[in-house]
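Notes follow once the structure below has been shown.
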Amino acid sequence: MKLLSIVILISLISACGSIDKKMAYWEQELSKNTPVGTSKSDVAAYLDSKKLSHGCHRVELQCYALDKDIESYIFVTFSAVLVFKFNEELSLLSYEVNQTGDGP
């Protein structure tokens, strides 16, 4: 029983880095490839090149992309949610990289 507890603890500790690494990756990628001022169509083309599903909401001024199933932790699977906000001219105002967990 003690061995099982140790194995579970080690696996939990070693699994905790994947989502953090992916979040840092997306921060760096978006900063480099979709800086503020990028057109909405160029952001969409970039997301397509990364094969990420994406779509818009709220009169097309807020768009989302999802990098799914980055890491699993017991019964929860983590993903990265990329949020892009555009102005009326459809130029990028800002972006966010958030994580979400999905489970029972």
Is there a residue in region 85-94 that is of a type in the set (Phe, Trp, Tyr) and under 21 Å from LYS22 (Cα atoms)? no
Considering only region 63-86, I want to know if a residue exists there that is at pLDDT 90 or above, over 14 Å from the mean Cα position of the chain (by Cα) and among the polar types (S, T, N, Q). no
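The values are calculated or read from the model by the stated rules, or taken from the named source; none is laboratory data. Computed from a predicted structure; not experimentally measured.
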